[in-house]
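Reviewing the structure listed below.
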Amino acid sequence: MDFVAGSRTRPEPAPAPMPVKMVIAGGFGVGKTTAVAAVSDVPPLTTEAAITEVAAGVDDISLTPDKTTTTVAMDFGSVMLDPTLKLYLFGTPGQDRFGFMWDDVTEGALGALVVVDSRRLEDCFPAVDYFERRTMPFAVAVNRFAGAVPHPLDAVREALDVESEVPVIEFDARDSESVRDSLIIVLELALARAMAAA
Amino acid sequence: MSRNTGDARPGSAASRPDGEGKAPGVVRPFLLTEGRVVAPGAELPMETQVVATTEGLHQLGALAFERRAIVEACGTPQSLAELAVRLGLHLNVVRVLAGDLRAGRFLTVHEPRAAISTDVDVLRRVINGLRAIPTAAGRA
């Protein structure tokens, strides 16, 4: 069966669907929540997630000698893909002078979409670093703000210096089809990796 | 600008969209759990599904306050994250209380399967499921 069940009886309430999740990461105001909302069955909810901050900056390191746990507001939505399969989409904040460990959110995620505003490319560096370190399948999605992408995708790829297998794509966070297709691109990468490893 | 040059770290420290200063509730969250917290690393994933048992729904009277609200809400399966939002409780409080309610057989807790993220069949199902969802173009 699909779950580690917590009890011996089959409850009368509807059976739980199998939960799967993906992460939508990126800097502040880049369109993460918009992207979640574009495909979610329900308006995004906001929860507080624990994150571990690892001091990575040069200043104030004496104040954060090791790591600290804090909470951040995080938006999430869900898509009922079929009666037994529910996809959760978690939007994780990512602009900070700290390195991030979003393990609480990303553990078990199928993959991640890193949303980028090409005018503020550096905001996505922590997310890209993080998913590379975790070897989690991810794609970089340049949000098409108000029509045009100001920088060509080749330039974005070069600046980010991601591996050649990492898709760098253009998308519109407001458009459900565009967001859906971007998530599928991440999942196809995840599938290719899983098949290669099998 | 390149990510892998030393000075390219994100610089602006100011604007962090976190929830700092937002009170999670009137009662300090961990009063509800008698001070107990989930051991770091042992947390149930936030997408873990929680469902009331039939017995649980029949024995609501045995429960009070948050515990009762959790079992009532779980007549419909939902994730720990959704439950926390709907009941206005801290996620980690819901984790602790859901563990108690599972032990008392009021709830069943369905953790995501281990290694699900590299499961070829699951990945294919999610891809096919996403291809089939109605998009704005389809709805219009």
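The values are calculated or read from the model by the stated rules, or taken from the named source; none is laboratory data. Keep in mind it's a predicted model, so treat the numbers as computed, not measured. Ideal geometry is used to build each Cβ from the backbone, glycine not excepted, and the neighbour counts take in all protein chains shown.
What to note about this one:
- Screening B:Arg105 against (1) of a type outside the set (Phe, Trp, Tyr); (2) surrounded by fewer than 18 Cβ atoms within 10 Å (Cβ to Cβ); (3) free of Cβ contacts under 8 Å to residues at least 40 places away in the same chain leaves a single unmet condition, (3).
- Reported count of residues in the range B:54-76, each being closer than 19 Å to B:Val93 by Cα and either surrounded by fewer than 16 Cβ atoms within 10 Å (Cβ to Cβ) or more than 8 Å from chain A (Cβ to nearest Cβ) (or both), is 11.
- The number of residues in the range A:11-27 that are touching a helix residue (DSSP H, G or I) at 6+ places or on another chain (Cβ under 9 Å) and modelled with pLDDT under 80 comes to 3.
- Considering residues of the range A:13-28 that are within 11 Å of A:Val114 (Cα to Cα) and of a type outside the set (A, V, I, L, M) only, the residue nearest to the other protein chains (Cβ to nearest Cβ): A:Gly27
- Filter result for the condition that a residue is without any contact (Cβ under 8 Å) to a residue 60 or more places away in the chain and either crowded, with 21+ Cβ neighbours inside 10 Å or in a helix (DSSP H, G or I) (or both), over B:Ala84, B:Ala114: B:Ala84
For every residue, the table says whether it meets (1) in contact with a Phe, Trp or Tyr (Cβ under 9 Å, 6 or more places away or on another chain); (2) at pLDDT below 95; (3) surrounded by fewer than 18 Cβ atoms within 10 Å (Cβ to Cβ).
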| residue | (1), (2), (3) |
| --- | --- |
| A:Ala146 | no, yes, yes |
| A:Pro152 | no, yes, yes |
| A:Asp161 | no, yes, yes |
| A:Val179 | yes, no, no |
| A:Leu191 | no, no, no |
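- Any chance A:Glu132 is modelled with pLDDT of 90 or more, touching a Leu at 6+ places or on another chain (Cβ under 7 Å) and more than 9 Å from every other protein chain (Cβ to nearest Cβ): no
- Count of the range A:88-105 residues which are in a strand (DSSP E or B) and at pLDDT below 70: 3
- Residue satisfying condition, being within 30 Å of A:Asp129 (Cα to Cα) and either at pLDDT 90 or above or within 21 Å of the chain's Cα centre (by Cα) (or both), within set B:Val27, B:Val38, B:Val93, B:Val51: B:Val38
- Every pair of residues 6+ apart whose Cβ atoms lie under 7 Å, when the first sits in the range A:157-186 and is outside any loop (DSSP other than H, G, I, E, B) while the second is of a type in the set (Gly, Ala, Ser) and surrounded by fewer than 21 Cβ atoms within 10 Å (Cβ to Cβ): A:Ala159/B:Ser2; A:Ser176/B:Ala136; A:Glu177/B:Ala136; A:Glu177/B:Ala137
- Of everything in the range B:119-130 that is in contact with a helix residue (DSSP H, G or I) (Cβ under 7 Å, 6 or more places away or on another chain) and either more than 8 Å from chain A (Cβ to nearest Cβ) or more than 17 Å from B:Glu47 (Cβ to Cβ) (or both), the residue that is surrounded by the most Cβ atoms within 10 Å (Cβ to Cβ) is B:Ile127.
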